[in-house]
Amino acid sequence: MGCSPRNDKFSMAHDSTSISPNDSSNESSLQLPSTEERISHRLSQEFDSPRESMGAFLSLLKEGWTIPYLARFRKHELGGMNEKRMYEIRERFRDISLLEERKTHLVEKAKSLGIADDRLVAHILSFKDIDLLDALFSSLLREEETVGAKGRQAGLLPLAAKLKSKETEENKDPLDLAAEFVNPESGVPDAKTALELAKGILTEEVLLEPGLLEELLGTAIVRAKKLSKKKAPKEFARFANYEKPASQVSWNDVLLLQKASRKGFIELFFGVPDERAHLVLTKHFVPHLGDPASPLRSFWDALLREAWESHLRGPFLTAIHRSLKNRADATAARIFSQTYQRILMAPPIPGTVIAGVLPAMRKPLRATAIDPHGRILGAQSLQAAKPELREEAQKNFRAFCEEHGVEVVAVGSGPGCREAETFLMEAVFGMDKRPQFLTVAEDEAAVLARREFKGVDLPKAKAAILARRVQNPLTEWGRFEADKVPLGYAQEEVRPSTLTLILDDVRERDLHQVGVDLRTAPVGILSKISGLNRESASAIAKMRTSQEGISTLRSLVDSGILSEQDYEQAAPFVRLAGGEEPLDATRIPPSLFGIVDQIASSIGLTRGQLLMSPENLTRIPREAFDRENLPKPIYDFIVHELRKPFQDPREPFVKIDFPPDLKSREDLVMGREVKGRVLRFTSTGAILDIGAAPAGFLHRSQMAREVIRNPSRFFHIGQVLDVRILDVDPKTGEIWLTRKQGEIRKIQRTLGDVAAGKKGPGAEVVSPGSARREEGRGRSRVASAGGFGRREGGGRGGPRKPGGREERGSRREAWDRRSSGGRGTGKPRGPITVESKNLDEAIIEERGFKGELTSFSALAALLKGKNEKGAEEKTSDPKAADSKATDSRDPETKAAGTKSPAPGKESPKGEKVANKDVPQGAAQDAESKSESPGANPPEAGGAAPGANPPRVEAKGATLPEAEGTPQGTTPPEAEGATQGPPQERNSVESEAGAQTSEQGAPESSPLPQGEEKKSEGDPGPFGDSFVG
């Protein structure tokens, strides 16, 4: 765990840890720097900053100055250090301070035990991990004397050096070497004792070896094994047999492994197998000992195994676990901090009446409207769960919105959120001034409701809190503990202390960037401003409600609430408008009020007049204020603040102007461009409010040209997106959206989709490039006299070799040979694929090379033939039918009283029996066609003579609505591209498109604007359908 110090005072050479035969001193000669100096030096190294600037910054923090104030008004004193770097330094300062203070404690303890030599002190100061430091030195710094210390006192350092020296012969017995150091007066009565004491010295050297633990960490693995017999959740399924190098385990896997282990689904192992660790130690210490059977090698094997098992394995396991956990926590905390910042800095909605709605599954919905100041205007209970009262409840909510002038509706994200959204959107659909919809988390809403609205019905108060969170997110989310804010998956697995420190820094930075209003800010927010605490914030809240009130910020100092330093730090971030001091409404600190007076007097104005007429700032002579005590950034800040005092850095709320002609679902034509606001994310996409009912669904495959695995990384709640209508299900009303560019074309449901119950849009976006490729692919499959549109001769333009297709015949001839009892007689190979084509196509095109059905009409003809035959058998006379069946048998069979042969097999006379499941006429027709070379395959109404009825498998098949599928059925996606509807959170990911067929397009879904309907015989840009 060593570092490489750069200068004299901090230089602790690691080569001093090697054993010298003459080294018997236990006192360190190194000059140990103080803890503060080591901290400053370490931070200067990590952040590549001058030690003077680093020391000045740490001194100002120690004096009580805050980072928001230093980053704005004393930045020039710290070498231009920016605010982000200051927060990073403060975060590392916390960790390094604990580590360096622990090092100082261990060095002092080693000195008290008399073992603090240069080697030990240098090794202690080189550590970078406090947990590993404690674990490794817990045994070395015990109160009792160690074996290695006894060996040094007995003068056995030369023996230890001989045992490690490369010059010592490998076949030399260690006991023979130890016999030379027997000295009863020194406590070494025999060679065995001398060897044990030397072994203790070498063991301590192994523990103090620099870089050893880093080498072991590089070979560490993480292994997980399924522990519980019960079925693990989907998120833990891949950890049943998991093994990876520790360096390749992602932070997300670490958190999930920890969660699965905590819940008892897996057994988790961090570390290195014992044999691998032994190989690393042997290679590191005695690589020159090559003979495993030599006495010296056996001595070192026993020594290294004991050092690993007794001293190194425990600290190493702690180190690898802590290293992975710290890395995962740091990465997760950084990602969560970005989410937290987006929540805090979300656009506020001032001056607007907002309705908060508390959803529920079986109970009534509770709606509460608040005014621009957050006060309750009215409330309503909505019976949305009862079908007989649903329509009346929707009318009541619409009247509620019109009565109070509701412009935004904030729906809670708890149970019943989806149903509540649909109910409310249907209620306001078609309003002239339709409200905007937003989704807001309900976490900690009950706690704040009881605190803010005492005596008010709890559901009503909770709905008001939801509306307030939309009205001013920074104030409402920043007033309670940061780790209670819902930030994402596996948040509970991150160490709370790590997460809280980072989130508190984010909140502090955002609060000071925006500032607060002294007259309206709650106590929880005021207490987090620089220079204020909980006690002073409570005193300010009490003072502002008194009869005297707060006339100036200076009055807080006169009343004893704030000190001069606190007043200087708090004034730039607390706004007091309408007071006696005009500069209290700006971010200018009191120490710069004199500069403002000088600027104003230079053009003959007072500070109040200059603030009221900022256009006069152009008359200020800039050169007159070019002084050493007034840096240019400070002057520019003053001028900017006088021109735009207390400007809010947050983005304004974007209100969508919904089209006035959007009154019903019929207005949502395919390809129409609309704007939608992101309400929430699902496992497969995002839900958007587009001004219709229900909300639209944007699948992650429709967000960009490539599939977006995690939409929340690229989009955020409340963001407004430009989308197009991909499809609208006329039966369920589900709306699918897309952001892709290209032509939107209808697609058809397949037999496989129907069998699997898949759902999805009935259209796809085809880019111009892919359309051209599909068109070329379709032309190559057009049937021709030679078979399937292929040119004669070999591939790539060359002639075929002997034995090629010319000698074997065409594909259809091969199919005929299989059908007429040749090789493969009995059943066509592989599953049968059914694909849609024109219903009036010729039967000649309805069988493929392998006997597969190529159209739905072929399948329909086959099934129709079965039904007709069955109907004939039922309507005919049973006795006559039996007599006919008996007479149809040959005489020998009839005489013997045996049954007829199975279909497809020869009779005793060598005659083939046709398939009993195939219509007789179709079978004869197929048999006659198979007799002539080059004939087309059998018609779809029958099967090959001698073949059993083929199994029909719906694979990539399309099912036109003309055959058995009513119009208005939910059009699913093509195979492999299933997009779930908005109501399903676990739909299959869509990454592929499907071919389109104009003839099968539902009549209820119009074509894109500007596209003419193709003629009846036009195969479309994709050509004829074919088996892929």
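Bear in mind that the values in this text are calculations on the coordinates, not laboratory data. The structure displayed is predicted, hence computed values, not measured ones. When we count neighbours, we look across all protein chains shown, and the Cβ atoms used for this are built from the backbone with ideal geometry, even at glycine.
Would you please give the FRET efficiency between residue 326 and residue 489, computed as 1/(1 + (r/R0)^6) with r the Cβ-Cβ distance and R0 = 25 Å, to the nearest 0.05?
Numbers: r = 20 Å, r/R0 = 0.79.
Efficiency for this residue pair is about 0.80.
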**Item:** Distance in nm between pseudo-label sites at residue 626 and residue 722 (7 Å out along the Cβ direction from Cα)
**Value:** 4.6
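Residue 59 to residue 523: extension gain in nm, 0.36 nm per residue of separation minus the Cα-Cα distance? Intermediate results must be reported in sequence, preceding the final value.
Working: separation 464, 0.36 × 464 = 167.04 nm, distance 2.96 nm.
Contour length minus Cα-Cα distance gives 164.1 nm.
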**Fill in**
So, with points 7 Å from each Cα along the Cβ direction, the residue 712-residue 534 label distance in nm works out to 3.1
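What does the C-alpha gyration tensor say about the overall shape of region 350-471? Classify as rounded when a/c is under 1.5, otherwise prolate if a/b is larger than b/c, or oblate. It would help to have the intermediate numbers written out before the result.
Working: a/c = 1.66, a/b = 1.22, b/c = 1.36.
Oblate, because a/c is 1.5 or more while a/b does not exceed b/c.
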**Request:** Quick one: order 697, 181, 593, 653 by neighbouring beta-carbon count within 10 Å, fewest to most.
**Result:** 593, 653, 181, 697
**Request:** Can you tell me the FRET efficiency between residue 283 and residue 128 if r is taken as the Cβ-Cβ distance and R0 is 25 Å, rounded to the nearest 0.05?
**Result:** 0.55
**Asked** How many angstrom lie between the C-alpha centres of region 668-691 and region 286-310?
**Response** 68
**Item:** Cα gyration tensor, region 439-536 - rounded (a/c under 1.5), prolate or oblate
**Value:** oblate
**Asked** Using 18 Å as the cut-off for backbone N distance, which residues of region 682-719 belong to the label zone defined by a point 7 Å from the Cα of residue 672 along Cα→Cβ?
**Response** 688-698
**Complete:** If the label point sits 7 Å along Cα→Cβ of residue 591, residues of region 557-579 with amide N under 16 Å come out as 563-573
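Full-extension gain between residue 650 and residue 302, please, as 0.36 nm times their residue separation minus the C-alpha to C-alpha distance.
Numbers: separation 348, 0.36 × 348 = 125.28 nm, distance 6.66 nm.
The residue 650-residue 302 span can extend by a further 118.6 nm.
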**Request:** Based solely on C-alpha atoms, express the radius of gyration and the Dmax of region 37-128 in angstrom.
**Result:** 15.9, 51
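Taking the number of other C-beta atoms within 10 Å as the exposure measure, put 229, 675 in order starting with the fewest.
Values: 229 6, 675 17.
So the residues, fewest neighbours to most, are 229, 675.
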**Request:** Pop the C-beta distance of residue 275 and residue 176 into the FRET formula with R0 = 25 Å and round what comes out to the nearest 0.05.
**Result:** 0.25
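How much net charge surrounds residue 221 when only other residues with a Cβ under 11 Å from its Cβ are counted (Lys, Arg +1; Asp, Glu -1)?
+2
Ranked by Cβ crowding within 10 angstrom, fewest neighbours first, how are 234, 460, 192 ordered?
234, 192, 460
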**Prompt:** Once amide H atoms are built 1.01 Å from N in the peptide plane, which residues 5 or more positions from residue 408, or in another chain, come under 5 Å H to H?
**Reply:** 355, 436
